[in-house]
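Worksheet: one structure, shown below.
What follows draws every value from the coordinates through simple rules; no lab data is involved. Bear in mind the structure is a predicted one, so any value in this text is a computation, not a measurement. FYI the Cβ positions are ideal-geometry reconstructions off the backbone, even for glycines, and counts take in every protein chain you see.
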Amino acid sequence: MIKLSVNINKIATLRNARGGNTPNVLQVALDCERFGANGITVHPRPDERHIRREDVYELHQKLQTEFNIEGYPSEDFIAMVLEVKPAQVTLVPDPPHVLTSNAGWDTETHREFLTEVISRFKAAGIRTSIFVETNEDHIRGAALVGADRIELYTEDYAKGFSSDAENAVAPYTYAAQIAQQLGLGVNAGHDLSLENLRFFASRVPHLLEVSIGHALIADALYYGLENVIPMYNHQLELGLQELETPDMEEFLGIEE
């Protein structure tokens, strides 16, 4: 099973655009769980332009599935995560001004910093994931700094999917195999959608979780949230079934 964690930042963006509490971020998160999401992801930023600190604390008290908090590990962020103790924290290298995550960690350059931060989270029993690109050295660096998982940054795949899907996904297949050899769990996220998710899941082995927000919430405008979450889960199931066929396992060189 590949878990679907729904990123609800866009729900908070819509709420904040008008003020008040419509749509209700907590209720939407609970509905996502009820409709089949395996987890909820939030990415609180210093300017609180979407998810607010108060949302993080409220969600923590009510969620029944895995809670994943993403963010740059500033001291304020670290303190909040250590207090909330979510199932997973995903570290991203975003400076405060960026619109959305746009790069993975250089785990070699930031080895000392990441090692210290991750040790604090792991001491509190929080699973740690590092946002990385498909660079093999950076994946190996993620293992060296003590991460439990990596989250593969999938924008390049999404951009290349329509023109040459096999070529676009190949670096992610290799990256996942390297991560598995190093004992790292594999998550993925950024610009995954109904159009490209099944193929990704069918070509990337050892995938444990995908975090999807923008595309899923946009699709919900047309299909409804209650319908769209099962649609995404179905794409993951179809992709995993294709991955696990003997011919595909042989093609990808997957060993038990």
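Remarks
- Each peptide in 36-46, 79-89 was scored by the mean count of other Cβ atoms within 10 Å over its residues; highest first, the order is 36-46, 79-89.
- The packing ranking, built from the mean of other Cβ atoms within 10 Å per residue, places the peptides 165-171, 227-233, 204-210 in the order 204-210, 227-233, 165-171, highest first.
- Residue-by-residue Karplus 3J(HN,Hα) for the range 57-74, coefficients 6.51, -1.76, 1.60, Hz, glycine and proline x: 5, 5, 4, 4, 6, 10, 5, 10, 9, 5, 9, 10, 9, 9, x, 6, x, 6
- The range 3-71: C-alpha gyration tensor shape, a/c 1.5 cut-off, then a/b vs b/c: prolate
- Partner lysines whose Cα lies under 30 Å from the Cα of K85, excluding those fewer than 8 positions away in the same chain, are identified as K3, K10, K62, K122.
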